[in-house]
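Okay, structure first, notes after.
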Amino acid sequence: MITLASDFGSPYPAAMKGAILKRCDARLVDIGHEFPRQNVRAAAFWLSQILPEFPPAVHLVVVDPGVGTDRAALVVRAGDHVLVGPDNGVLLPPARALASADGEYRDDIDAYEFEVDATRSATFHGRDVFAPGAAEVHETGIDRLPELEGLSPADEIVELELPEPELTENEVTGEVIAVDDFGNVITNIPGEVLGNRTVVRVNDEPTPIVRSYGHVEPDRAIVTIGSHGNVECAVNRGRGDEAFGLDAGEPVRLEFA
Amino acid sequence: MITLASDFGSPYPAAMKGAILKRCDARLVDIGHEFPRQNVRAAAFWLSQILPEFPPAVHLVVVDPGVGTDRAALVVRAGDHVLVGPDNGVLLPPARALASADGEYRDDIDAYEFEVDATRSATFHGRDVFAPGAAEVHETGIDRLPELEGLSPADEIVELELPEPELTENEVTGEVIAVDDFGNVITNIPGEVLGNRTVVRVNDEPTPIVRSYGHVEPDRAIVTIGSHGNVECAVNRGRGDEAFGLDAGEPVRLEFA
Amino acid sequence: MITLASDFGSPYPAAMKGAILKRCDARLVDIGHEFPRQNVRAAAFWLSQILPEFPPAVHLVVVDPGVGTDRAALVVRAGDHVLVGPDNGVLLPPARALASADGEYRDDIDAYEFEVDATRSATFHGRDVFAPGAAEVHETGIDRLPELEGLSPADEIVELELPEPELTENEVTGEVIAVDDFGNVITNIPGEVLGNRTVVRVNDEPTPIVRSYGHVEPDRAIVTIGSHGNVECAVNRGRGDEAFGLDAGEPVRLEFA
C-alpha cells in the first residue's frame with residue numbers, strides 16, 4: 001500500500017499516481033492534497049495524527065517549498081512503515097508517531113538519502129523524484145531497504161522547531177497548529193491541562209468546557225479535547241475560527257479562574 | 001466494497017480509511033466528503049441519488065452533528081446493501097432508495113443498533129466507532145449480520161421530516177433541497193408537474209423549460225428535469241443559484257400560465 | 001484500469017463510479033474533478049499533461065457543456081490507451097500526447113462514435129452514457145474495440161482551436177492556459193524561448209528567470225519553465241496569478257532586453 005499526501009490540490013496528485021502505477025500495482029490511498037500550501041508544520045501535525053491509523057505502508061509526502069533547490073530527498077523507516085519525501089522536517093514528527101506502538105515510543109527509525117535525478121523537471125519532484133522513489137521502495141520491501149541502489153544513510157536531517165506551550169499555575173499560552181475544515185481551532189496545548197474544570201477563559205473570553213460539540217446549543221462556543229488529544233476551540237454547528245478570531249500560527253492563552 | 005460519505009472535507013476521511021484498512025482489505029470508494037456541513041437532509045438527498053448506482057456494498061455515512069452525545073449508532077440493511085452511521089435520520093432515505101429495485105419499493109429494511117465504545121474520543125466517532133463498525137460488518141457479511149456481537153434490533157429510529165411540495169391547479173410551491181457544484185438549483189418538486197409545457201414562472205420570472213442546458217444560449221436561465229427526476233433551475237454555462245437568487249432551504253413557487 | 005476526469009466537483013463523480021462498478025471491477029483512479037467548469041480547452045491541456053504518466057488505461061473524460069444536445073459520444077484509441085467522452089474537442093489533445101511515445105509522435109489514433117441511449121436523463125450523460133461506455137470498453141479490451149456493438153468509425157470529430165504564441169525577435173505574445181491551485185500562471189509559450197537569459201519583461205515588469213521557486217526569497221515573483229515545459233509566471237511561496245494580475249485566457253507578453 002502507498003498513501004499520498006501533498007499540498008497540491010487538483011489535478012497534480014494524479015500525475016504522481018500515474019508515475020507510481022507505471023512502476024508497480026500497489027494499492028493507493030489518498031491522505032489528502034489540501035494541506036495548507038507550503039506549510040511544513042501543519043502537514044507534520046496532520047500526518048502525525050492520521051498515518052498511525054494505517055496498517056504498515058509506504059507514505060509518500062510532498063509538501064515541498066524547496067523543490068528544485070539542493071534539499072535532499074529522504075526515505076525514513078519508522079517501525080513497519082516507510083516515509084518518502086523532502087528533507088525539510090515534514091517526515092520526522094509522523095515517523096516518531098509511527099514508531100510509537102501502543103503509546104510507547106521506540107527509537108526505531110532509520111533515515112536514508114536518495115539520489116535526485118532532476119533531469120526531467122526542477123519544479124515537480126513529486127512526479128519525477130518522490131513518486132518513483134515511493135514505487136521503488138514499495139517494490140523492494142521494507143526488509144531490503146538498505147540494499148536499495150542509490151540509497152545511503154542520512155547523517156543529519158532537518159528537524160522542525162515545534163512550539164511548546166508555556167504552563168504556569170493558572171495559565172497556559174500555546175499556539176494554533178491548524179484549523180480544520182469545520183473551522184475547529186486545534187491548539188498545541190495538551191488536553192490534560194483542562195483537568196476536571198467546566199470553564200476556561202480563552203483569550204479573556206469565559207468558555208464552557210464540554211466533552212463534545214453537541215453538549216451545548218447550536219452556535220455556542222466551547223472548549224473541548226479534540227480527537228488528537230489537544231485543546232480545541234469550537235462552535236456547535238458553527239465555525240470556531242470565526243467565533244474566537246483565531247487562525248493557524250496565532251497565540252492562544254487559557255486562564256483558569 | 002465499502003463506500004465512504006461525510007461532511008469532513010480533508011484530511012479526516014483518511015483517518016477513517018486507515019481505521020478500516022487496519023481491519024480488512026475491502027475496496028474503498030469515496031462517495032464524497034464535501035456534503036454541506038452538518039446538513040442531514042442534504043446528505044440524505046444526495047445519498048438517495050447516488051448509492052443506488054452502486055453494486056451491493058457497505059456504505060459508511062458520517063454526517064453527525066450529534067457526535068459525542070447519546071444518539072445511537074446504526075447498521076441498516078436495505079436489500080443487498082448495508083448502511084452504517086449515526087441515528088439522526090440520514091440513513092433511512094437512502095435505505096429506502098436502495099430497497100427499491102426496478103423502481104418498485106420493497107419493505108426490505110432491517111435496522112440494528114450497535115454499542116458505541118467512546119473510550120478513544122468523543123468528537124471523532126467516524127474514526128473510532130463507525131469506520132471500525134463498517135469494517136466489522138464488511139467482514140461478517142450481510143447474511144450473518146444478525147449474528148454480529150454487539151448488534152441488537154433497533155425498535156425506533158429517527159425519521160427525517162422532509163418537506164413535501166404543495167400542488168394546486170396552476171401552481172406548485174416547493175423548496176430547494178440542494179445546490180450542486182455547478183450552481184444548479186435542485187428542488188423537491190417532481191419533474192412530472194412540468195408536463196409538456198415550454199414555459200413556467202419561477203418566483204414570478206417567466207423561464208423556458210428545456211430538455212438540457214445546451215438547448216439555450218450561454219448565460220440563459222432555464223428550468224429542466226435534472227438527473228434526479230426533480231425540477232431544476234439552472235443557467236447554461238452559468239450558475240442557477242445566482243441567477244434565481246436561490247439557496248438550499250428556500251421556497252420555490254412555480255406558476256403555469 | 002479506468003481513470004476519471006470531470007468538472008463535476010462533488011458528489012456526482014461517485015455516481016459514475018457506481019455505474020462503472022455495477023458493470024466491471026476495474027481499478028478506478030481519479031485524475032481530478034475540479035477542472036475549470038465547462039472549459040474544454042483547460043481540461044484538454046491538463047489531460048495532455050497527466051494522462052501520459054499512466055500505464056495503458058481507459059480514460060473517462062466528462063467536461064461536457066453540450067450534454068443533452070446532439071453532440072456525439074466518442075471512443076478514441078491512442079496507442080495503448082482509450083479515451084471515452086463527448087465530441088467537443090477535449091479528447092484529441094490528450095490522445096495526441098498519449099500517441100507520442102518517447103517524445104515521438106506516431107499517427108496511431110482511431111476514433112469511433114457510439115450510440116447514445118438518453119432514455120434515463122438528458123443532463124447526466126457522465127453517469128448514463130459515458131461511464132457505462134467506459135466500462136464496456138474496459139471489458140471488451142483495446143484489441144477488440146472494432147467489434148464492439150454500437151461503435152462505428154467517426155469520420156470527422158471536433159478539433160479544438162488552440163491559440164499559438166506569436167514570436168518575433170525580442171518578443172513573444174502568448175496566452176494563459178491555466179492557473180494551478182498554487183496560483184502558478186501556466187502559459188502556452190514553450191520554455192525554449194527563454195534560452196539562457198536570466199531576466200525577462202512580463203507585461204512590462206522585469207522578472208528574474210530561475211530554475212525553481214526556491215531560488216529566490218519568499219514572495220518574489222519569478223519566471224520559470226514549469227513541469228509541463230511551458231513558461232510559468234509564479235511567486236515563491238505565494239500566488240503568481242495575484243502578483244502578475246493574470247487569469248486563464250488572458251494575453252501574456254514577454255520581452256527580452
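The values are calculated or read from the model by the stated rules, or taken from the named source; none is laboratory data. These numbers were taken from a predicted model, which means no experiment stands behind them. Note that each Cβ is placed from the backbone with ideal geometry, even for glycine, and that neighbours are counted across all protein chains shown. Side chains are part of the model used for accessible areas, which takes the heavy atoms of the whole protein and leaves out ligands, DNA and RNA. Shrake-Rupley method; radii C 1.70, N 1.55, O 1.52, S 1.80 Å.
Distance from the alpha carbon centroid of segment C:232-247 to that of segment C:1-33 works out to 32 angstrom. For a paramagnetic label modelled at 7 Å from the Cα of C:Asp204 toward its Cβ, which residues of segment C:213-257 fall within the zone defined by backbone nitrogen distances under 13 Å? So the set is C:253. With Cα atoms defining each centre, segment A:45-120 and segment C:192-218 are spaced 33 Å apart in the structure. The simple spin-label model puts a point 7 Å past each Cα toward its Cβ; for B:Arg211 and B:Asp107 those points are separated by 4.0 nm.
Over the protein assembly as shown, what percent of the accessible surface lies on carbon and sulfur atoms, probe 1.4 Å?
Details: 13880 of 32180 Å².
Carbon with sulfur: 43 percent of the solvent-accessible area.
Couplings 3J(HN,Hα) for segment A:2-7, derived from phi with the Karplus relation 6.51 cos²θ - 1.76 cosθ + 1.60 (θ = phi - 60°), are 10, 9, 10, 9, 7, 10 Hz, where x marks Gly and Pro.
Hull surface divided by four, with the convex hull built on the Cα atoms of the protein assembly as shown: how many nm²? Show your work: numbers first, answer last.
Numbers: hull surface 142.3 nm².
Result: a mean projected hull area of 35.6 nm².
Please work out the FRET efficiency for the pair B:Arg253 and B:Glu159, using the Cβ-Cβ distance as r and a Förster radius of 25 Å; give the result to the nearest 0.05.
On the way: r = 27 Å, r/R0 = 1.09.
FRET efficiency, B:Arg253 to B:Glu159: 0.40.
Axis angle, to the nearest 10 degrees, between helix C:131-140 and the longest C-alpha principal axis of chain C: 70 degrees. Per-residue surface analysis assigns C:Tyr112 an accessible area of about 30 Å², computed on protein heavy atoms at 1.4 Å probe radius.
Working note: Karplus 6.51/-1.76/1.60 with θ = phi - 60° gives segment B:177-192 the couplings 7, 7, 10, 7, 6, 7, x, 5, 8, 9, 9, 8, 8, x, x, 4 Hz, where Gly and Pro are set to x. Partner lysines whose Cα lies under 23 Å from the Cα of B:Lys17, excluding those fewer than 8 positions away in the same chain, are identified as A:Lys17, C:Lys17, C:Lys22.
The modelled label-to-label distance between C:Arg27 and A:Glu242, using points 7 Å beyond Cα along the C-beta direction, is 4.3 nm.
Assign one of three labels to segment B:2-153, namely rounded, prolate or oblate, based on the Cα gyration tensor with a ≥ b ≥ c the square roots of its eigenvalues; rounded applies when a/c is under 1.5, prolate when it is not and a/b is larger than b/c, and oblate otherwise.
rounded
Computed over segment B:119-257, the range of Cα coordinates on each principal axis works out to 60, 32, 29 Å, biggest value leading.
Buried accessible surface for the C/B pair, both sides summed and rounded to the nearest 100, is 2500 Å² with a 1.4 Å probe.
Taking GluC sites (Glu not before Pro) that fall in a DSSP loop and have at most 14 other Cβ atoms within 10 Å as cut points, what is the longest piece of chain A between them? If you can, show how the numbers build up before the last one.
Working: sites that count: A:Glu115, A:Glu149, A:Glu156, A:Glu159, A:Glu161, A:Glu169.
That gives A:1-114 as the longest site-free run.
For B:Ile209, nonlocal amide neighbours, meaning residues 5 or more places apart or on other chains whose placed amide H falls under 5 Å from its own, are B:Val199, B:Val200, B:Val223.
Viscosity 0.890 mPa s, temperature 25 °C: give me the Stokes-Einstein translational D for segment A:86-148 in µm²/s, with Rh taken as the Kirkwood radius over C-alpha pairs. Don't jump to the answer; show the numbers that get you there.
Details: Rh = 13.6 Å.
Estimated diffusion coefficient is 180 µm²/s.
From the largest down, chain B spans 60, 37, 31 angstrom on the principal axes of its Cα atoms.
Inter-copy label distances at C:Pro206, using a point 7 Å along Cα-to-Cβ, come to 6.3, 6.3 nm with the shortest given first. The dipole here belongs to segment A:185-257: it is taken about the Cα centre, uses +1 on the Cβ of Lys and Arg and -1 on the Cβ of Asp and Glu, and is about 260 debye.
Toward the positive end of the charge dipole of segment B:2-153, with +1 on the Cβ of Lys and Arg and -1 on the Cβ of Asp and Glu, the farthest Cα among B:Ser48, B:Leu98, B:Tyr112 is that of B:Ser48.
With a 10 Å cut-off around each Cβ of B:14-26, the average count of Cβ atoms from other chains is 5.
Dipole of the protein assembly as shown computed with +1 at Lys/Arg Cβ and -1 at Asp/Glu Cβ about the Cα centre; of B:Ala122, B:Val29, C:Ile31, farthest Cα towards the positive end is B:Val29.
Relative contact order of chain A: 15 percent, from C-alpha pairs under 8 Å at least 6 residues apart in sequence.
Residue-wise HN-Hα couplings along segment B:151-157, as the Karplus relation 6.51 cos²θ - 1.76 cosθ + 1.60 with θ = phi - 60° gives them from phi, are 9, 9, x, 8, 6, 9, 10 Hz; Gly and Pro carry x. For the rotational copies B and C, the chain B residue with its Cβ nearest the relating axis, together with that separation in Å, is B:Asp30, 5.
Relative to the first principal axis of the alpha-carbon coordinates of chain A, what is the inclination of helix A:12-21, with its axis defined by its Cα atoms, in degrees from 0 to 90 and to the nearest 10? In chain A, helix A:12-21 runs at an angle near 40 degrees to the longest axis.
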